[in-house]
């Protein structure tokens, strides 16, 4: 039973419903109707869900009952003890009793506690039962309860130990384990495979009656502690090495090594030829799919697979003993040369590099001679302009060759990279395929800032100087790229525009001539400062760009010289919390009111305002009523009231219209509250999101309706019907004062919203809550009440619509919600409702026996309320929702209060508290019910509730 009700939870009474009412001495009576046995809740044996979850549709739970028990009660005794034969229904005590003999791991003193919707994962296991042992007297812990039945090969380990640690058995870390694993699958490599037998576990009967059988899956034999003629111990070409059981072999034991001269083909030219190649290649170069170095197997599957696996980053795909796709024998740019594994022809530099099929020129020393495909292309080629003899190879490849004909010791020659390093006294830097600081191109420093050049390309005019987009040295970017100045702005003595010389003699004279219409003075190359009309009185230094940044001519931003500008209303726009909060570090903030600093007019000595901005008068769309930049902050009304002009529009958002606040809102006569009575005019205000900054005073912020309650719960501030007013609903529409009222005033009386629930409202006083047009305050929301609905039906007489409704439905009741009529739970229906049709009698309606219960208001409504496990016998109306919440968890928020109930059956809401959930695989529901007004009702069943396992019987036997 639910502990909050006190007492024990009996499944019998949890499912009781009531029979036909019989009257005796003024007492109403009703009783239960079902017969019960073990299978009523959990079947016999309990159904296994086959998963770690409970199944609310069948009542199945995690377990293996089907394999251990039958439908007979005595089959439960082995695990649950002899007391199961005498269990009454009251044994539902949140504990599963277990015998001590089974050694169940999750057992506590009383048994196994498992009453949650999410069973433990894993469940416990048994460890002291003879039916789970290795057959030699060693008991094994069983798999977790609810696990799948054992199968091969995985099930073998449930009884058998892992492989022995003797000899070379496949224990963790051993060679055989690396090849075949440590599981039972490794056993079949040397022993009979029982997994393919009809009864894979029948061999257990032979334990201790025969010797160990050794039988290789791939052929060979075992005798005298040695393996013979087994492929896994051979060189892969038919020569076998008989290993001794318990011994160890290295790679050389089967294959030989680099100096043994037992390797096939041209191995020696690759693994023992450093004098010619610059380095010796390791096994991994050609066998990377099998090994990771000369002594480590990286893929054990490939090592003994009867195939010579040739693979590597450079080897390509050999065909019939010929390497024709290997990087090692290529021109380095994708053209492969064909060589055979057993060939004897000596190779030179020209064999790979200087032997293009369609040469663009004759190679002198093996330099690539394919046609130049152009810069950035794979086959870009400028060797023709750089190589005169083999010695020139060292100028760019000093890490690879000693003299142009000999490979330098190391791995540079075939490392998949075109290694560039200056030699022969040359100098250069290569980044992303571009050469820079090339001593050959600059005449060893005579020409400064020579542009980078790609291999396969040539230098042009821009190669040294750059262009408008690439000229970023010193302050060039600010003048050329940002402002768009042409070169003659500062170098008029040398050039005209950007491309024409006016005096070629000045171009190469090693001097930078600075002159132009805007240049007043130039200090020369020492300090590089200039005075210009562009920078007012500032004298920026050319090689210090920051000396000409914003703020050096006038104060600007917080991160510029001189700090943030603060004259006139700048502070209100940048730093005041109530202002628009311009970013004090971005130049785009200045552009809100001024022309951009990149505009050609920016440095013309004039204060330039953006279009529509004015120092006095309207200013852009932000201030559409006249303001003055120099006289301080504006009023609330200048933005939010149309009394003086149009509303402000800031960032595309129109200021909310609060014009009516002065005439029908809290500013009207008799209340006369200024904006500052509720709003903090120093708080954050303009964020770009409409309605996110109400700017309420701190005393008005907190719980829902705090801004209204601050005054309306204070007798010193308000009185009469306006004191202690309450919200109409606990949640949803009507829970906030603002759902029905607007403190800034409306066209209705008492600041009632002009629109509520998407419907126009008409309200002129307390005698106009309802009207014939269904636009009264109450009517626009009510749909299921008996009177005054939005649809106008039913039109049952109640009271005159011109009556003051607050006489009975007070806005400020002493307790509860606004407009709710007086009366307890039993004012409208019994506490609880009792059924009219039952099978046998039970007393109710007297002290101690549901004293406030009354017959149901509609057929089937009483159902199983009068069951001890549902509603306690001494329940009183004053306890309110406490006894109802398990099945009506929505409580007061979902209580429609629509009368009479028999014509508003659809208002009945059954919503079971999820704490009584049986399984986490589904929601707790009351299902299959048909609650209709004026039709044939049908009661439903509880689904996935812990007190019923599977779906419960119908709520009412009547319906």
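Within segment 63-82, restricting attention to residues that are part of a loop (DSSP other than H, G, I, E, B) and closer than 27 Å to residue 917 by Cβ, which residue is farthest from the chain's Cα centre (by Cα)?
69
Tell me which residues, restricted to segment 524-557, are assigned to a helix (DSSP H, G or I) and loosely packed, with under 14 Cβ neighbours inside 10 Å.
546
I need the full set of residues from segment 849-890 which are touching a helix residue (DSSP H, G or I) at 6+ places or on another chain (Cβ under 6 Å) and closer than 24 Å to residue 938 by Cβ, in order please.
If the condition is that a residue be touching a helix residue (DSSP H, G or I) at 6+ places or on another chain (Cβ under 6 Å) and closer than 24 Å to residue 938 by Cβ, then 857, 858, 867, 869, 871 are the ones that fit.
Among the numbered conditions (1) touching a residue at least 40 places away in the same chain (Cβ under 8 Å); (2) loosely packed, with under 12 Cβ neighbours inside 10 Å; (3) under 15 Å from residue 671 (Cα atoms), tell me where residue 732 comes up short.
(3) is the only condition that residue 732 fails.
State all residues of segment 398-419 that are in contact with a strand residue (DSSP E or B) (Cβ under 7 Å, 6 or more places away or on another chain), surrounded by fewer than 18 Cβ atoms within 10 Å (Cβ to Cβ) and free of Cβ contacts under 8 Å to residues at least 40 places away in the same chain; if no residue qualifies, say none.
Within segment 398-419, 399, 419 qualify.
Quick grid of which residues meet (1) under 43 Å from the mean Cα position of the chain (by Cα); (2) in a loop (DSSP other than H, G, I, E, B):
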position: 576; (1), (2): yes, yes
position: 584; (1), (2): yes, yes
position: 601; (1), (2): no, yes
position: 611; (1), (2): no, yes
position: 631; (1), (2): no, yes
position: 634; (1), (2): no, yes
position: 638; (1), (2): no, no
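Condition first: within 19 Å of residue 917 (Cβ to Cβ) and surrounded by 16 or more Cβ atoms within 10 Å (Cβ to Cβ). Now tell me which residues in segment 43-62 satisfy that.
Of everything in segment 43-62, those that are within 19 Å of residue 917 (Cβ to Cβ) and surrounded by 16 or more Cβ atoms within 10 Å (Cβ to Cβ) turn out to be 46, 47, 49, 53, 54, 55, 56, 59, 60, 61, 62.
Check segment 498-515 and report whether any residue there is closer than 21 Å to residue 602 by Cβ, touching a helix residue (DSSP H, G or I) at 6+ places or on another chain (Cβ under 6 Å), outside any helix (DSSP H, G or I) and modelled with pLDDT under 85.
No, because not a single residue in segment 498-515 is closer than 21 Å to residue 602 by Cβ, touching a helix residue (DSSP H, G or I) at 6+ places or on another chain (Cβ under 6 Å), outside any helix (DSSP H, G or I) and modelled with pLDDT under 85.
I'd like to verify a number: residues in segment 665-704 that are touching a strand residue (DSSP E or B) at 6+ places or on another chain (Cβ under 8 Å), on the phi > 0 side of the Ramachandran plot and at pLDDT 90 or above, how many?
Result for segment 665-704: 1.
Do we find a residue being in a loop (DSSP other than H, G, I, E, B), within 52 Å of the chain's Cα centre (by Cα) and crowded, with 17+ Cβ neighbours inside 10 Å anywhere in segment 482-495?
Yes, segment 482-495 contains a residue that is in a loop (DSSP other than H, G, I, E, B), within 52 Å of the chain's Cα centre (by Cα) and crowded, with 17+ Cβ neighbours inside 10 Å.
Taking segment 695-713, which residues are in a loop (DSSP other than H, G, I, E, B) and either surrounded by 12 or more Cβ atoms within 10 Å (Cβ to Cβ) or touching a residue at least 12 places away in the same chain (Cβ under 8 Å) (or both)?
695, 697, 701, 702, 704, 705, 713
Looking only at segment 360-372, count how many residues are touching a residue at least 40 places away in the same chain (Cβ under 8 Å) and over 13 Å from residue 458 (Cα atoms).
1
Residue-by-condition table, conditions (1) more than 28 Å from residue 811 (Cα to Cα); (2) surrounded by 13 or more Cβ atoms within 10 Å (Cβ to Cβ); (3) in contact with a helix residue (DSSP H, G or I) (Cβ under 6 Å, 6 or more places away or on another chain); (4) in contact (Cβ under 8 Å) with a residue 24 or more places away in the chain:
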position: 627; (1), (2), (3), (4): yes, yes, no, no
position: 635; (1), (2), (3), (4): yes, yes, no, no
position: 674; (1), (2), (3), (4): no, yes, no, no
position: 690; (1), (2), (3), (4): yes, no, no, yes
position: 693; (1), (2), (3), (4): yes, yes, no, no
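Looking at (1) at pLDDT below 90; (2) within 22 Å of residue 785 (Cα to Cα), can you tell me which one residue 888 breaks?
So residue 888 meets the others, but not (1).
If you go through segment 803-817 one residue at a time, do you hit one that is in a loop (DSSP other than H, G, I, E, B) and within 45 Å of the chain's Cα centre (by Cα)?
Scanning segment 803-817 turns up at least one residue that is in a loop (DSSP other than H, G, I, E, B) and within 45 Å of the chain's Cα centre (by Cα).
Mind listing just one residue for me: the one in segment 172-205 that is in contact with a helix residue (DSSP H, G or I) (Cβ under 7 Å, 6 or more places away or on another chain) and surrounded by fewer than 16 Cβ atoms within 10 Å (Cβ to Cβ) and, of those, modelled with the lowest pLDDT?
Among those residues, the one meeting the criterion is 203.
Scan 9, 38 and give me the residue that is modelled with pLDDT of 75 or more, within 50 Å of the chain's Cα centre (by Cα) and not assigned by TED's automatic domain parsing to the domain that holds residue 124.
38
For residue 909, are the conditions met, namely being in contact with a helix residue (DSSP H, G or I) (Cβ under 7 Å, 6 or more places away or on another chain) and closer than 29 Å to residue 777 by Cα?
The answer is yes for residue 909.
So which of 325, 376, 317 ends up being in a loop (DSSP other than H, G, I, E, B), without any contact (Cβ under 8 Å) to a residue 12 or more places away in the chain and under 29 Å from residue 432 (Cβ atoms)?
Answer to the selection: 325.
If you check every pair at least six apart or on different chains, which have Cβ atoms under 7 Å apart with a residue in segment 38-56 that is farther than 21 Å from residue 148 by Cβ first and a residue that is surrounded by fewer than 16 Cβ atoms within 10 Å (Cβ to Cβ) second?
If the second residue must be surrounded by fewer than 16 Cβ atoms within 10 Å (Cβ to Cβ), the pairs left are 44/71.
Among the residues in segment 237-245, are any surrounded by 12 or more Cβ atoms within 10 Å (Cβ to Cβ) and at positive phi?
Among the residues of segment 237-245, not one is surrounded by 12 or more Cβ atoms within 10 Å (Cβ to Cβ) and at positive phi, which makes the answer no.
Which of the residues belonging to segment 281-313 are outside any loop (DSSP other than H, G, I, E, B) and surrounded by 14 or more Cβ atoms within 10 Å (Cβ to Cβ)?
283, 284, 285, 287, 291, 297, 300, 302, 303, 311
For segment 263-280, what are the residues that are assigned to a loop (DSSP other than H, G, I, E, B) and touching a residue at least 12 places away in the same chain (Cβ under 8 Å)?
264, 265, 266, 272, 278, 279, 280, listed by residue number.
Only residues in segment 580-594 that are over 15 Å from residue 651 (Cβ atoms) count as the first member; pair them with residues that are at pLDDT 90 or above and assigned to a strand (DSSP E or B), Cβ under 8 angstrom, at least 6 apart or cross-chain, and list the lot.
Every condition considered, the pairs that remain are 584/564.
Report whether or not residue 780 is touching a strand residue (DSSP E or B) at 6+ places or on another chain (Cβ under 6 Å), surrounded by 19 or more Cβ atoms within 10 Å (Cβ to Cβ) and modelled with pLDDT of 85 or more.
The answer is yes for residue 780.
Only one of these conditions is not met by residue 726: (1) within 41 Å of the chain's Cα centre (by Cα); (2) in contact (Cβ under 8 Å) with a residue 60 or more places away in the chain; (3) surrounded by 13 or more Cβ atoms within 10 Å (Cβ to Cβ). Which number is it?
(1)
The values are calculated or read from the model by the stated rules, or taken from the named source; none is laboratory data. Here the structure is a predicted model, which is why all the values come from computation and not from measurement. Here the Cβ is made from the backbone with ideal geometry for all residues, glycine too, and neighbour counts use every protein chain on show.
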